[in-house]
Amino acid sequence: MPYTNEALNLKNHLVMAPMTRSRAINNLPNDLMAEYYSQRRGAGLIITEGTAPAPEALGYARIPGIFSGEQIEGWKIVTSAVHKNQTKIFLQLMHTGRVGHQDNLPTGIQLVGPSDIAAAGQIFTDTAGMQDHSAPVALTGQGVKDVIAGYVTAAKNAIEAGFDGVELHAANGYLIEQFLNPNVNNRTDNYGGSIENRARFAVEIAQQVAAAIGKNKVGVRISPNSTLGDLQAYDADAVQETYIHLAREFNRFGLAYIHISLNQQTPKDTLLAIRTEFEGTLIYCNTFTAEKAEAELNGGDADLIAFGRPFLANPDLDERIANNTELNAPDFSTLYTPGAKGYTDYPVLFN
Ligand SMILES: Cc1cc2nc3c(=O)[nH]c(=O)nc-3n(C[C@H](O)[C@H](O)[C@H](O)COP(=O)(O)O)c2cc1C
């Protein structure tokens, strides 16, 4: 069944969740990636893997960027392949911030964060396998402005590359969520301290990107109460207030959608408050089955459901849902390995 509202017109309610797959050799989108996304064009909306808006945002190995002419040209192959089937495609803008390693960054570029507090834990590098996260350099006031300007340029590049819009990744412990979290953001300027200040980075990016490319072309992904990327939990009331504030601001800018990456810790109250404050489309994601998705859509809390791993392993997920057929299981050993194996070779029901 199609989904239609002021900002989004989709051929169905099925969304492919953003998934990093590390196939972008030299951070360039390529033919193999075009084939992968094109195989999954049964989705009404595809949200791409996290893509770096600037060189210092390339925290992971082999993730794509959208800051160079060559990257724009590479993405054009992907968008034109996907559009052949009336599928919409948004580019996820992911600035990894302190989650990353110097070895994954171009020479001379430094890992940055809201502060110099490093993330505990390790990250994969092509140079030496798993290594501790590098210590980030705290962004200066001018540095913050430069990163925001980088998002604006990246969003314009995405439109030039043929995307229908961009999704701002404000979830899962990356730079925007690092700014939201008071255990990582110890800034004393107007991007740190109060809830409003910690949210300012997210709010200014959303506002400026919407002004640059059009509000209907901007969505944002959030993960209230997530502790991914070594983000320590903080005061529950402050979390609730943070997301109410964000939903209100995103509503004020008229963004196309909020995409919520749910987890066990997300209180129902937070979800309901976002629903009340935000008049646009709400997408829910995480551990949905077709049955759970149907129930959620009928219940009316979410407007669209995104599937991650089921789409990764089932290029024809739409047909499998329609035929109530068993799903392929993902091969976890090839999630982030280069090449076609475990990427474009999952079997489909009908050829
Ligand atoms: C291999 C892999 C890569 C992922 N990369 C991203 C990413 O780049 N950006 C993002 O927002 N979420 C990312 N996620 C999270 C998914 O979007 C989704 O929230 C998660 O898989 C749970 O949904 P599922 O149960 O339908 O798989 C990734 C998940 C997987 C399995």
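Quick notes
The rows are residues; the columns are (1) more than 26 Å from Asn225 (Cα to Cα); (2) of a type outside the set (A, V, I, L, M); (3) assigned to a strand (DSSP E or B); (4) touching a Cys at 6+ places or on another chain (Cβ under 8 Å).
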site	(1), (2), (3), (4)
Ser115	no, yes, no, no
Ala120	no, no, no, no
Phe124	no, yes, yes, no
Gln131	yes, yes, yes, no
Val147	no, no, no, no
Ile159	yes, no, no, no
His169	no, yes, yes, no
Asn172	no, yes, no, no
Glu177	no, yes, no, no
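So that you can scan it fast, the table gives a plain yes or no per residue for (1) under 30 Å from Leu45 (Cα atoms); (2) under 14 Å from the mean Cα position of the chain (by Cα):
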site: Asn157; (1), (2): yes, no
site: Phe163; (1), (2): yes, no
site: Val166; (1), (2): yes, yes
site: His169; (1), (2): yes, yes
site: Gly173; (1), (2): yes, yes
site: Glu177; (1), (2): yes, yes
site: Asn183; (1), (2): no, no
site: Arg187; (1), (2): no, no
site: Asn197; (1), (2): no, no
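- Extreme residue, surrounded by the fewest Cβ atoms within 10 Å (Cβ to Cβ), among residues of the stretch 179-222 that are over 16 Å from Ala256 (Cα atoms) and of a type in the set (S, T, N, Q): Thr188
- Some residue of the stretch 184-196 being within 18 Å of Leu228 (Cβ to Cβ), aliphatic (A, V, I, L, M) and in a loop (DSSP other than H, G, I, E, B): yes
- Subset of the stretch 115-148 (residues that are of a type in the set (A, V, I, L, M, F, W, C) and in contact (Cβ under 8 Å) with a residue 40 or more places away in the chain): Ile117, Ala119, Ala120, Ile123, Phe124, Ala138, Val144, Val147, Ile148
- Residues within the stretch 152-173 that are surrounded by fewer than 24 Cβ atoms within 10 Å (Cβ to Cβ), within 26 Å of Asn286 (Cα to Cα) and not small (Gly, Ala, Ser), tallied: 2
- Residue match in the stretch 68-90 (condition: modelled with pLDDT of 95 or more, under 13 Å from the mean Cα position of the chain (by Cα), surrounded by 21 or more Cβ atoms within 10 Å (Cβ to Cβ) and away from the ligand (no atom under 13 Å from the Cβ)): yes
- Enumerated helices (runs of 4 or more DSSP H) restricted to the stretch 272-343, each holding at least 1 residues that are more than 10 Å from the ligand (Cβ to nearest atom): 290-299, 317-322
- Residue tally, condition crowded, with 18+ Cβ neighbours inside 10 Å, among the β-branched types (Val, Ile, Thr) and modelled with pLDDT of 95 or more, over the stretch 253-279: 4
- Enumeration of residues in the stretch 44-67 that are within 13 Å of the ligand (Cβ to nearest atom), β-branched (Val, Ile, Thr) and surrounded by 24 or more Cβ atoms within 10 Å (Cβ to Cβ): Ile46, Ile47, Thr48, Thr51
- Within the stretch 24-39, considering residues that are crowded, with 22+ Cβ neighbours inside 10 Å and not in a helix (DSSP H, G or I), the one farthest from the ligand (Cβ to nearest atom): Pro29
- Pair list, Cβ < 6 Å and 6+ apart or interchain, from the stretch 269-280 residues that are more than 11 Å from Glu241 (Cα to Cα) and touching a residue at least 24 places away in the same chain (Cβ under 8 Å) to residues that are of a type in the set (Phe, Trp, Tyr) and not in a helix (DSSP H, G or I): Gly280/Tyr257
- Within the stretch 226-252, tally of residues that are part of a loop (DSSP other than H, G, I, E, B) and crowded, with 19+ Cβ neighbours inside 10 Å: 3
- Set His95, His169, His101: member being in contact with a His (Cβ under 7 Å, 6 or more places away or on another chain) and not small (Gly, Ala, Ser): His101
The values are calculated or read from the model by the stated rules, or taken from the named source; none is laboratory data. From a predicted model like this one, the values you see are computed outputs, not experimental measurements. Positions of Cβ are backbone-derived with ideal geometry, glycine not excepted, and every protein chain shown enters the neighbour counts.
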